[in-house]
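**Q** After the structure tokens below, expect a handful of questions from me.
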Amino acid sequence: MLAVPTGNLTLLGNSNFLCHINRGIKRQIGAIRTLCLKAEEPEMKNLLDYIDSLKNYEKSGVPKGAGTDSRDGFDLGRMRRLLERFGNPHFKFKAVHIAGTKGKGSTAAFISNILRAEGYSVGCYTSPHIKTIRERILLGRFGDPVSPKLLSNLFDRIKQDLDQAIIEENGCISHFEVFTTMAFILFAEENVDIAVVEAGLGGARDATNVISSSGLATSVITTVGEEHLAALGGSLETIAVAKAGIIKQNRPLVLGGPFLPHIESIIRDKAVSMGSPVVSASDSGNRCTIKKFSVLNDKPCQICDIVIEVAKDLNLSCKLHDVKLQMLGSHQLQNAATATCVVLCLRNLGWRISDESIRLGLESTYLLGRSQFLTSQEAEALGLTGATILLDGAHTKESAEALMSTLQMAFPEAPLTFIVAMASDKDHIGFAKYILSGVQVEAVILTEAAIAGGVTRITPASSLRQSWIQASEELGIGVVHDGMAEYNERLKDHHRLPVRSDRNLVDGRKIVLATESSLKGSLITANKILTSKGDQKGIIVITGSLHIVSSVLTSLAG
């Protein structure tokens with residue numbers, strides 16, 4: 001069970017906990033951040049051109065029913081034939097397999113860092129990436145992204161076989177299937193001790209679901225929410241069935257949650273049918289609490305207790321007090337608890353994992369685009385000198401709720417200005433409702449960002465505006481937008497308007513709703529709002545997808 005504080009952000013003194021993080025994990029944090037500020041390496045051009053020529057559902061959107069275990073679903077037989085061509089590399093390592101609507105990437109990062117802190121060589125496969133596709137494959141004891149040379153050399157070695165496979169499969173092999181195959185080959189060739197593998201879509205028909213029960217250490221389902229509805233059968237129940245497809249015979253299952261009771265029953269029933277013991281991070285015997293928010297080495301963190309006491313199915317126990325998480329929010333505490341349950345399952349299976357390694361792994365985990373605060377130098381480079389800027393890839397109503405909850409807990413008094421871009425297949429109205437409901441929201445700037453480098457799934461800012469206007473009307477919250485005559489005057493006099501104290505308007509107070517077709521224009525408008533507020537310090541939150549986060553970080557590299 002989770003508990004969170006209601007107090008403000010406080011300053012943590014001269015803590016030395018980072019000094020205790022092993023050198024490898026610190027290298028990983030630095031390496032990933034550096035990657036984000038570099039252009040794709042020229043030596044990878046042939047590989048990138050090749051996979052970009054393949055079907056990419058991240059760019060085009062996933063077909064209806066593609067993630068279901070039905071005749072409309074993705075062809076796992078094709079993926080198995082592809083892997084067989086390369087000697088079935090996925091048979092040569094143990095894996096933790098993660099599915100879920102939200103929290104997969106964070107949970108994978110927590111698990112991987114815990115295992116690395118213990119000294120294991122870990123392969124980690126996740127998606128999407130922020131800046132370079134190399135971020136999707138992390139290797140070894142330090143968790144470094146796969147090097148351009150290693151990836152390019154592998155491609156050169158297997159290209160002829162890939163060409164033949166594509167011919168034999170009538171051109172149906174996808175970008176994701178090829179890159180998943182390359183990840184599995186690298187994990188096998190690099191002799192990783194264990195791989196942490198994130199499913200791309202659903203679970204049952206995802207390309208990663210070739211992992212067999214003999215190769216699976218533990219399966220994980222983090223959450224079940226209404227994302228990719230059409231691709232996963234059209235209901236929360238069919239989504240649960242799809243994600244439960246990663247459960248394997250007699251292998252333990254870890255549930256993140258919390259889940260709706262009937263959704264959890266669907267998953268547990270599948271586990272029972274497979275003879276799989278179930279561990280729940282949301283079990284009432286677990287006590288996970290955010291005690292306070294603090295600042296550590298100029299970066300926010302949250303001080304947490306994570307106490308796991310599981311007696312049903314498996315007997316697991318771990319008590320960690322005053323864990324300093326760089327990943328903020330109650331949802332990240334939930335992900336940390338889920339990861340802790342996973343490694344406790346591994347320990348139960350005979351893996352050597354100390355409580356201290358669990359602490360070090362949790363404390364060192366950092367991901368780009370998840371509650372990421374830019375430095376003052378980065379803010380200045382964006383033309384927002386003196387601004388506090390938060391990047392967060394939230395793109396569902398659940399993640400919007402988590403984002404607003406985090407902001408309310410950590411910065412209850414700070415005015416908020418949002419810059420939002422979203423893919424066309426997301427719940428725009430549901431997302432908007434959670435953002436607009438925040439008591440500190442002053443302005444929202446709607447913009448556009450390429451999705452996976454393409455334009456097919458971009459939502460025009462003007463279309464987003466209509467969704468946000470509808471959301472505001474359904475909530476009874478007033479907005480003034482750039483289709484209204486009073487917009488310019490309101491924007492100019494923004495700092496003189498009364499502050500909202502709740503959902504009801506105070507003295508006619510309205511949220512400014514602006515549209516900009518470019519990130520640059522959005523930043524200019526955000527700066528105009530920021531400077532109009534005088535000495536009142538606010539926060540600019542850039543969100544709606546990991547793709548706008550990528551755009552921001554790419555602009556910093558330019």
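The values are calculated or read from the model by the stated rules, or taken from the named source; none is laboratory data. Just so it is clear, the model here is predicted, and its values are computed rather than measured. Please note: Cβ atoms are built from the backbone with ideal geometry, for glycine as well, and neighbour counts cover all protein chains shown. Side chains included, ligands, DNA and RNA excluded: accessible areas come from the protein's heavy atoms. Shrake-Rupley method; radii C 1.70, N 1.55, O 1.52, S 1.80 Å.
**Q** Place the peptides 384-396, 270-282 in order of packing, highest mean first, counting for every residue the other Cβ atoms within 10 Å and averaging per peptide. It would help to have the intermediate numbers written out before the result.
**A** Values: 384-396: 21.0, 270-282: 19.0.
So the peptides 384-396, 270-282, ranked by packing, come out 384-396, 270-282.
**Q** FRET efficiency for Cys172 and Ala230, Cβ-Cβ distance as r, R0 = 22 Å, nearest 0.05?
**A** On the way: r = 20 Å, r/R0 = 0.91.
Rounded to the nearest 0.05, the efficiency is 0.65.
**Q** Here is a follow-up. Between their Cα atoms, which of Lys64/Lys397; Lys55/Lys102; Lys131/Lys299; Lys426/Lys537; Lys45/Lys92 are more than 26 Å away from each other?
**A** Check vs 26 Å cut-off fails for Lys426/Lys537; Lys45/Lys92.
**Q** By average Cβ neighbour count within 10 Å, what is the ranking of 158-168, 407-417 from highest down?
**A** Ranked by mean Cβ neighbours within 10 Å, highest first: 407-417, 158-168.
**Q** Quickly estimate the mean residue ellipticity at 222 nm for the chain, helices only: each DSSP H run with n ≥ 4 gives -39500 (n - 2.57), and the total goes over all residues, rounded to 500.
**A** -11500 deg cm²/dmol
**Q** Among the listed pairs Lys291/Lys433; Lys243/Lys510; Lys243/Lys520, which have their C-alpha atoms separated by more than 30 angstrom in this model?
**A** Violating the 30 Å limit, Cα to Cα: Lys243/Lys510; Lys243/Lys520.
**Q** Also, I was wondering about something else. Sorted by packing (mean other beta-carbon atoms within 10 Å per residue), highest first, where do 42-48, 440-446, 145-151, 207-213 land?
**A** 440-446, 207-213, 145-151, 42-48
**Q** First compute the accessible area of segment 294-434 with a 1.4 Å probe, then give the percent of it belonging to carbon and sulfur atoms. Kindly include the intermediate steps, with their values, before the conclusion.
**A** Values: 2170 of 4600 Å².
Of the solvent-accessible surface of segment 294-434, carbon and sulfur hold 47 percent.
**Q** Which percent of the accessible area of segment 79-218 is formed by carbon and sulfur heavy atoms (probe 1.4 angstrom)?
**A** Exposed carbon and sulfur together represent 45 percent of the surface.
**Q** Can you work out the accessible area per residue across segment 210-260, with the rest of the protein chains kept in place, probe 1.4 Å, in square angstrom? Mind showing how you got there, number by number?
**A** On the way: 1480 Å² over 51 residues.
Solvent-accessible surface per residue comes out at 29 Å².
**Q** Right, next: Compute the angle between helix 104-117 and the longest alpha-carbon principal axis of the chain, please, reported from 0 to 90 degrees and rounded to the nearest 10.
**A** 60
**Q** In what order, largest first, do Asp156, Asp482 sit by accessible area if the probe radius is 1.4 Å? Mind dumping the intermediate values first?
**A** Details: Asp156 100, Asp482 55 Å².
Largest accessible area first, the residues go Asp156, Asp482.
**Q** So, with +1 on the Cβ of K and R and -1 on the Cβ of D and E, and no other charges, what is the size of the charge dipole of the chain about its Cα centre, to the nearest 20 debye?
**A** So the dipole magnitude of the chain works out to roughly 780 debye.
**Q** Please give, to one decimal in nm, the separation of the simple spin-label points placed at Lys149 and Lys55, each 7 Å out from Cα toward the Cβ.
**A** Roughly 3.7 nm, to one decimal.
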